[in-house]
Amino acid sequence: MQFVKKNGYGILLCLAIAVPSWFAGKAFPIIGGAVIAILAGMVITLVWKWREPVDSGIKFVSKKVLQWAVVLLGFGMDLNVVIQTGRQSLPIIVCTITVSLVVAVLLSRWMNIPGKVATLVGVGSSICGGSAIAATAPVIDADENEVAQAISVIFFFNVLAALLFPALGQLVGFDTTSGEAFGIFAGTAVNDTSSVTATAATWDSMWNLGTQTLDKAVTVKLTRTLAIIPITLVLALMRTRKERGNGEAKIQMSKIFPFFILFFIAASVITTVSVSNGIPAAVFDPLKELSKFMIVLAMAAIGLNTNIIQLVKSGGKPIAMGACCWVAITVVSLVLQFALGLM
């Protein structure tokens, strides 16, 4: 009862934003419900002055619900399918992730971009957009403004990719009789799941391929999602060493270790074992949908805690970084597919 009294109003406000954003995202998949929710939250917070009763609930949603959403993502991961697809696409995935992270690190130093924003943009660009940002934010203790900046950057280049990549694929000569080659490209070069599906579905429509491209792209994208695990663990270790080096000797790894990632792995194992024993993967679809909705819900909370004016003023450098990461990932993916004979 005390929990409801403390957090109820804030949770209800987030739900009031998330529910219509969820349906709007279904209608406009190129944008996605998460982006609509965070933008709506940022606009509402400009005029919402009754903050005290809702602040606690908003913070709860932005932190805890975000972690629960990542855990539920694991139920969309059949590790057998991931391993099978990984044999073909893993070299491209590893190279694109590595290049993007290196570009992010170098540019953050050269352009003097705050470290947490740079980290979020780097992992968001290289792994899986909003899901990677959701998993990384609590590990590095990023605040709402930093998460909002990163999400905004990723959204911008997601939209560009969904609009431009089908034409680019035709220009560079991807096979139009099968969706496999362009599916690998979309799965490795586009950031967020919503834009991966939009890009792949457009290619299927252009060449009457049914769902060939979409199926391949989504599977490659799920393989990329697994990179959340080592990235968050490394970041947790780095944060521990840094804080101890700054004289914060009392810091304990147990306090910042991303335990929700262990639950993410457990969910993936449950899905894999179940599917291997004949249980249809569709059984887990409601949990996958719930995960997506919870990310939308958390983005509404983050939007409500974001100063949009400050975000616009400080957004130039992160956008430039995002552009460089995006171009680097695209070029590396194309070059490697050509070198491996996958085009």
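What follows draws every value from the coordinates through simple rules; no lab data is involved. Fair warning: this is a prediction, and the values are worked out from it, not measured in the lab. We place every Cβ from the backbone using ideal geometry, glycine too, and count neighbours over all the protein chains shown.
Computed values, structure above
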| quantity | calculated |
| --- | --- |
| Prolate/oblate/rounded call for the chain, Cα gyration tensor, a/c under 1.5 rounded | rounded |
| 31 Å Cα-Cα threshold exceeded, pairs from Lys221/Lys317; Lys116/Lys216; Lys5/Lys49 | Lys116/Lys216 |
| In degrees, nearest ten, helix 316-339 long axis to first principal axis of the chain (Cα) | 30 |
| The chain, helix-only ellipticity at 222 nm - DSSP H runs n ≥ 4, -39,500 (n - 2.57), divided by all residues, nearest 500 | -26000 deg cm²/dmol |
| C-alpha long axis of helix 259-276 to longest principal axis of the chain, angle in ° | 40 |
| Most mobile of Lys292, Lys221, Lys26 in a GNM of the chain (Cα contacts under 10 Å) | Lys26 |
| C-alpha long axis of helix 33-47 to longest principal axis of the chain, angle in ° | 30 |
| Taking the convex hull of Cα positions in segment 29-100, its mean projected area over all directions (nm²) | 7.6 |
| Distance (nanometres) between label positions extended 7 Å along Cα→Cβ at Phe23 and Val47 | 2.1 |
| Cα Rg over Rh - segment 120-206, Kirkwood | 1.07 |
